[in-house]
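Data first, discussion second: the structure below is written as structure tokens.
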Amino acid sequence: MTSPALRSVYGGVRAWMTLLGAWLAVASTFGYTNSFGIYQDFYTRSHAASATRISWIGSTQLFLLIAMGLPAGKLHDLGHFRVVVGAGSLLFTFSLFMVSLAHPDKYYQLFLSQGIGMGIGSGLVYIPVLAVQSEHWGSRRTLAMGFASSGKRLPAGGMFFPIMLNQLLQNGVSYAWSVRASAFLALGMLLAANTLYPRPPPTKSQQPAGMRELLTDAPYMFVAIGGLFIHWGIYFPYWYLQLYTILHGMDPTFAFYSLTILNGAAIPGRILPNLLAQRYGQMNVFTASAFLCAILAWAFFGAKSVAGVVVFSVIYGFFVGAWFSLLTPVLSNMSKSEQELGVRMGLAFALSSVSALTGTPIDGKLLGSTFQWSKPIAFSAVRYRRCSLCSHLTACLGISAGYDHDRRHSVLGCEATTGASTRHANPMIISFVF
């Protein structure tokens, strides 16, 4: 049973302000990170460095974005939400402006500003703005987190930034002012986001889980290890699709929009599966999404024409969006209290950061100077398969959105409910799929 003081914080203007602020923050940080394929193509074709060395910039940025979730999540749990998000926003925008001042031929300048600075800044923002949603939303928390995380793909994030950068770079605008223009946009979005966040609501005084308890929670660790595997392969198309289309002789104009199509396909992928999860159970939909991603990764072999790239981008982007949008609700529903949401989500993302750091550089090394695309495609697809197996093991342990009502509703702060939204994972059905 939840106290009236806690129940009163769910919904209302405060919740919508927090949700909109989170959407803007994710769009301007993680959304910009998902646009690194533009820089990968630009730096590679301008011979700034090899494809492998350039991919280290993007993978380091992604690594720090995910790895910083652990300290940022812990600070959020301790009540320092506004300070952490504000500091991360400042560092991200400052570093992005430094990218505009860096010389494209000076690798160390790009690595420090774009890889390290932007990575740490975005990492301080991402987990806290997702975790704070649980303090404002009750039974609709899954949808709220899905909408907040959609900022990385929706127009202002993973779609608009690639179009903006490509159009500026291809129409005679200098590299410095192209990056600077995107930095001003990100600055405005982050200022608006930090203005929208209200004062955090009161939370229950309950001792959060220790690190040992998290590491010995088998279902939680299976999900975390699954994230480790999937991050080895999930970003290969986002880093290399534009370069792939150009080197395969497709229309350069289409190539510049290929990343936008890939990111745009995640819009329904981040909304529709969350609706299905309320009916069929989060873990069921989550596991099915991981399995379908493993299959679709092999479909990259068939993307030999414009039509093939479009079909691959739409279907792949949809199910990647589904997996990402359900990851944070699945992790948060394993929490015992609101006080451990940040550290539980942060630890899982920190484990994934190892593969996020090494995944795309491995892809670049496998690709080589002769661009043998079959090797990185196969590597990514196999990593997906390992993730789907981990999700399957979690489902077989009976974890779903409604598995443990005492645990689930102590986090949500609402009465136990019945119906489709509390369905258990069905390991027999998932086993049949596998």
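Need the failing condition index for residue 264 against (1) closer than 21 Å to residue 167 by Cβ; (2) under 16 Å from the mean Cα position of the chain (by Cα); (3) open to solvent by less than 10 Å² (accessible area, probe 1.4 Å), just the number. Status for residue 264: all satisfied but (3).
Would you mind stating whether residue 296 is open to solvent by 10 Å² or more (accessible area, probe 1.4 Å) and of a type in the set (A, V, I, L, M, F, W, C)? Against the criterion (open to solvent by 10 Å² or more (accessible area, probe 1.4 Å) and of a type in the set (A, V, I, L, M, F, W, C)), residue 296 qualifies. Within the set 326, 366, 347, the sole residue that is open to solvent by less than 20 Å² (accessible area, probe 1.4 Å), in contact with a Pro (Cβ under 8 Å, 6 or more places away or on another chain) and in contact (Cβ under 8 Å) with a residue 12 or more places away in the chain turns out to be 326.
If I ask for residues that are of a type outside the set (Phe, Trp, Tyr) and in contact with a Cys (Cβ under 9 Å, 6 or more places away or on another chain), which ones from segment 222-254 would you list? Quick ask: steps written out before the conclusion?
Step one: list which residues in segment 222-254 are of a type outside the set (Phe, Trp, Tyr), which gives 223-228, 230-231, 233-234, 237, 241-243, 245-253.
Residues satisfying the conditions are 223, 224, 225, 226, 227, 228, 230, 231, 233, 234.
Of the listed requirements (1) at pLDDT 80 or above; (2) of a type outside the set (D, E, K, R); (3) open to solvent by 10 Å² or more (accessible area, probe 1.4 Å), residue 48 misses just one: (1). Among residues of segment 74-88 that are farther than 14 Å from residue 197 by Cα, none has a beta-carbon under 7 Å from a residue that is open to solvent by 80 Å² or more (accessible area, probe 1.4 Å) at least six positions away or on a different chain.
From 332, 337, 313, which residue is hydroxyl-bearing (Ser, Thr, Tyr) and either modelled with pLDDT of 80 or more or open to solvent by 10 Å² or more (accessible area, probe 1.4 Å) (or both)?
Working: 332 fails: either modelled with pLDDT of 80 or more or open to solvent by 10 Å² or more (accessible area, probe 1.4 Å) (or both); 337 fails: either modelled with pLDDT of 80 or more or open to solvent by 10 Å² or more (accessible area, probe 1.4 Å) (or both).
The unique qualifying residue is 313.
Yes or no: segment 129-150 includes at least one residue that is in contact with a helix residue (DSSP H, G or I) (Cβ under 9 Å, 6 or more places away or on another chain) and at pLDDT 85 or above. Scanning segment 129-150 turns up at least one residue that is in contact with a helix residue (DSSP H, G or I) (Cβ under 9 Å, 6 or more places away or on another chain) and at pLDDT 85 or above. Total residues in segment 351-363 satisfying the condition of being under 26 Å from residue 80 (Cβ atoms) and either among the basic types (Lys, Arg) or surrounded by 24 or more Cβ atoms within 10 Å (Cβ to Cβ) (or both): the figure is 3. Counting the residues of segment 304-328 that are within 19 Å of residue 383 (Cβ to Cβ) and either not in a helix (DSSP H, G or I) or not aromatic (Phe, Trp, Tyr) (or both) gives 7. Restricting segment 2-45 to residues that are touching a helix residue (DSSP H, G or I) at 6+ places or on another chain (Cβ under 9 Å) and not in a helix (DSSP H, G or I) leaves a set whose member that is modelled with the lowest pLDDT is 2. Selection over segment 71-83 of residues that are of a type in the set (A, V, I, L, M) and open to solvent by less than 10 Å² (accessible area, probe 1.4 Å) gives a count of 1.
The values are calculated or read from the model by the stated rules, or taken from the named source; none is laboratory data. In this text the structure is predicted, and so the values were computed from the model without any measurement. In this analysis, Cβ positions are derived from the backbone assuming ideal geometry, glycine residues included, and neighbour counts consider all displayed protein chains. What goes into the accessible areas is simple: the full protein's heavy atoms, side chains included, and nothing from ligands, DNA or RNA. Shrake-Rupley method; radii C 1.70, N 1.55, O 1.52, S 1.80 Å.
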